[in-house]
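Everything below concerns the one structure shown next.
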Amino acid sequence: MPKLITTKFPPSSNGRRLLFAVALAASWLILLGWAAGVSWNSPLKPQETQHFDGAQLRIVMGGGAEDGNALQIGAVGEQRTALQSVLVTNLRAEDNAILRYRFDQFPRTLELAFLFRRSDAPDDVHVVTLPWPGTLQAAFDLRDVPEWRGEISEIGFVESPTPQLIPTQTPFAPFRIVSIDLSSPSWLGGLRALRQDWFGYRPWGLYAVSMESAPDMIRRPSLIIVLSAAIITMLAWGALLIGWREQRAKFMLVVAIAFGWLLLDATWLSQLQKRVTTTWQVYAGKSWDERRKLVPDDDVLRAAERAKKIIAAVPGTPKVLVHSGSVVEAVRFYYQMLPINAALLVPVLAVLRAPLAEGTFIILYDVDGWDYSAKTRQLTAPGVALTAVPWLDEGTLRIFRIAPVSTISDAP
Amino acid sequence: MIYALVWLAILALGMALVAAARGVPRSLVQWMVLAGEGAIVGMLAAGIVVGLSCGADSRNAVEHGLPWMFGLMAIVVLLAWRTRRASLVNSVGVAERSAGGPERHTRLIVCFVIALIALHLLPLLVELLLRPVFPWDAWAAWMIKPKAWYLGGHFDAFVDPATWITSADILRTTPAFRYPELSSWLQLLLADGYGEWNEPMVLVPWAVLFVGLLLAMYGLSRRLGSSTTVAVIACYALASMPLIDAHIALAGYLDLWIGAVILLSLGAWLEWRRQPQRRGLLVLAFALAWSLVLLKQEGAIWLLVLIAVGVYGQLGAVWQRRDLWFAASTLVLLVLMVLVFHGWINDRLAGIDVPGIGVLQLGWYPGGLTLITALFQHDDWHLLGLTLLLVPIVRWRNLCADREAQLLGLFLLAGWIALLLLFCFTPAAKWAESQTATNRLVMQLVPTMVLWLILLLRPSSLPSRV
């Protein structure tokens, strides 16, 4: 490659270079506008803005107090969630599509969502996950949300531990909501939202091993596609306007890819550093025994460990069938209960050709629709009837054992 | 202490096996290949040894496995020693021949790139070592067997739910009961070495794989004729890709393992083509290709593709042309048949249930094309998609003249065709649309794609057009 750098390139006139610069700038501007969702005739600055101080929001869930013009959130409510909202009037969605929000000391362990109601459907609450606000004013383009239309009657925020990632035991850290602005679409607004989309913090999620963007998260066109298109247009204008030939084009390609790659990687490294900082906040300085309990679904872990203890105390190696209202919870329960010899209930029932062997345990975790009749000793669900005795009933965790009862000693 | 000893045994076994196949290293580049390949081969070999040596007792994997590992290592070293004359023949690549050390600006670039790689590696290690197992398939599929075996103390077989519920024997079942078990055997060894079921400690192989892959990529690039700078940039390119990093930080999936093993297998095969008298390289290439089947189910497909390309590479020019024509016309015919007669075909295929795909219904599923658009759509691969698009164009003359680049390109082409057939013509398209599997399958080809680009960027003896 150094050979490429030292190659002598043919000269091109200043006029052609100027034309190249103008064409390139125009192309890149069009690309940026496309990515930001603005057209060439959009105004540079928003023509109207609705401003709300944080203190104008009322607390619906959790606790807090006014702090000057801001709202200090000091506590969470049910399910470790905080919610604040404000009723609004004369707010047309189409004219106020760029949301800008400023928070102070918003913890990385929380997920932030924007909520709104429309006047035409006051019972429906729409919730949109927002990029983490960071320390500056963040922005989001609500035109990407299909439900953001018509007359808006209420707006607000919801904060909760980042799903799938942050253990519920993670201590809550207070933060301040400084302001909300809703502006009409403009170049500045669109570019601010694009900056947030490209460079804002996104936490790890279960999807992260399949792709870098959450499948349900609303995203603008990626920086990768914009950079790729920018490099291709540069090569095309170079060849057309200043007659780049093979060596020059190769050199420019190498430089552009190197620059683009480093830019993308700097963005990724910043993202990675923020994610690891979050992990560090939650797990650093703790023993493995403490860390293994710090999982987002610690309720499943506790129930599985309780069931494991009970079944391990039973002589022999009984088979155990696990069922939950959610497949994810059922499999997590199964994994956390190992080495108990278990299986998921539904696949087993699907292939069952004979009654379940007596002594088999049935574990029901956080599941509705399963009833037990002490009179008939029948555990029933739609399409299922099993003769069983109750072994444990702790609300969300229920354990039964397949009868005949006469062969089974008393339940604990 | 025992955990460290287990790692020592794994690395020593792997390096001994690779040294037996490649010969005793005589340069820094060869040492890097040995270290990188050795780490990966060692982990694969250790897993196989544990799987074969433990019998029914899965609680004492170290006790059962380590003597076999050291024994195997001793035999391999002995064999290598006896054949040392042959193995000492140095296979110096084009770039290795340059006399003297690298120039100052090259050293600066190399240091800068190594620092960039370290910037990625450190946070990945922190994430890997702190967090309990995180991604879905890691705990829902891959780590169930080693955890059950280690904590249960018995090598129970995993069977389908119907067999499990009706059998009086002590069996186990899981939705992923069919998955290959090589990684589980390795994790079992590490859990026993550590003395408890500690998830980060049994996931450390992912970090070792990452470092091994980078070292091997550097070594292979250099041995196949790249400059130091280009080889180290190849390592950085791999280390910087977000989805690869995610697979190390959130360890537990085997897609990068497949990608690394394919790369090593192809690398050993290309080197063997340069030195056919070094049959150890061919054995290494085949052993690595075969281990794909023990890692993941789709490893069988990659094994077939590798064998097909391997056989193709050995054919004469006339037969190669015929072979390509036959493959291309068969492919076109198959695609046309599916497009035109899918209704008739599906009537005859009715009821065939393919694991992982569902009931086989052939047809055109345009959603499968997200396989390609995903290269640009998400922040997974940086500019790999653009590079793959443009580098073959600007280096077309090199590609036409470079046999190794052509063979590697053929493997990649066959791999992409296999993926496109799967996602565009079968119900597996649903995985492409939800993008849960497509990027991971592409990842299995990414290390080879990077090596291919490196081959295309090798210095050329062709005259340039200024």
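The values are calculated or read from the model by the stated rules, or taken from the named source; none is laboratory data. Bear in mind that the values here come from a model prediction, so they are computed numbers and not experimental data. Cβ: placed from backbone, ideal geometry, glycine included. Neighbour counts: every protein chain shown.
Condition check: more than 9 Å from chain B (Cβ to nearest Cβ), surrounded by 15 or more Cβ atoms within 10 Å (Cβ to Cβ) and under 22 Å from the mean Cα position of the chain (by Cα). Does A:VAL295 satisfy that? No. When the test is whether a residue is more than 8 Å from every other protein chain (Cβ to nearest Cβ), part of a helix (DSSP H, G or I) and at pLDDT below 90, B:THR106 passes it.
A:ALA313 meets all of the listed conditions (1) within 8 Å of another protein chain (Cβ to nearest Cβ); (2) surrounded by fewer than 21 Cβ atoms within 10 Å (Cβ to Cβ); (3) out of contact with any helix residue (DSSP H, G or I) (no Cβ under 7 Å at 6 or more places or on another chain) but one, namely (1).
Which members of region A:216-265 meet the condition of being small (Gly, Ala, Ser), assigned to a helix (DSSP H, G or I) and away from chain B (no Cβ under 11 Å)? Matches in region A:216-265: A:ALA236, A:GLY238, A:ALA239.
If the condition is being closer than 30 Å to B:SER434 by Cβ and not in a helix (DSSP H, G or I), then region B:371-400 contributes B:HIS378, B:ASP379, B:ASP380, B:TRP381, B:HIS382, B:LEU383. Of all residues in region B:367-383, none are more than 8 Å from chain A (Cβ to nearest Cβ), under 20 Å from B:LEU266 (Cα atoms) and free of Cβ contacts under 8 Å to residues at least 60 places away in the same chain.
Conditions tested, residue by residue: (1) crowded, with 19+ Cβ neighbours inside 10 Å; (2) facing chain B (nearest Cβ under 9 Å); (3) under 16 Å from A:PHE400 (Cα atoms).
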residue	(1), (2), (3)
A:THR317	no, yes, yes
A:GLY325	no, no, no
A:VAL351	no, yes, no
A:PRO355	no, no, yes
A:THR380	no, no, yes
A:GLY383	no, no, no
A:LEU386	yes, no, yes
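Got a number for residues in region B:59-83 being more than 18 Å from B:LEU284 (Cα to Cα) and either aromatic (Phe, Trp, Tyr) or in contact with a strand residue (DSSP E or B) (Cβ under 6 Å, 6 or more places away or on another chain) (or both)? Final tally of qualifying residues: 2.
Put simply, of B:VAL394, B:VAL335 the only residue that is β-branched (Val, Ile, Thr), more than 25 Å from B:TRP290 (Cβ to Cβ), within 14 Å of chain A (Cβ to nearest Cβ) and surrounded by 13 or more Cβ atoms within 10 Å (Cβ to Cβ) is B:VAL394.
In region A:385-398, the count of residues that are within 29 Å of the chain's Cα centre (by Cα) and in contact (Cβ under 8 Å) with a residue 60 or more places away in the chain is one or more. Checked against the criteria, B:ALA251 does not count as more than 18 Å from B:LEU34 (Cα to Cα), assigned to a helix (DSSP H, G or I) and not charged (D, E, K, R). Of everything listed in (1) part of a helix (DSSP H, G or I); (2) away from chain B (no Cβ under 11 Å), the single unmet condition for A:GLU147 is (1). For region B:109-163, the candidate set comprises residues that are under 27 Å from the mean Cα position of the chain (by Cα), facing another protein chain (nearest Cβ under 8 Å) and free of Cβ contacts under 8 Å to residues at least 60 places away in the same chain; within that set, the residue that is surrounded by the most Cβ atoms within 10 Å (Cβ to Cβ) is B:ALA148. One residue is enough: does region B:186-201 have a residue meeting the conditions in a helix (DSSP H, G or I), away from chain A (no Cβ under 12 Å) and under 17 Å from the mean Cα position of the chain (by Cα)? So far as region B:186-201 goes, yes, one or more of its residues are in a helix (DSSP H, G or I), away from chain A (no Cβ under 12 Å) and under 17 Å from the mean Cα position of the chain (by Cα).
Keeping to region A:20-58, report how many residues are of a type in the set (Val, Ile, Thr) and part of a loop (DSSP other than H, G, I, E, B). So the answer is 1.
When region B:213-269 is filtered for residues that are among the charged types (D, E, K, R) and within 14 Å of chain A (Cβ to nearest Cβ), the ones remaining, listed by number, are B:ASP245, B:ASP255.
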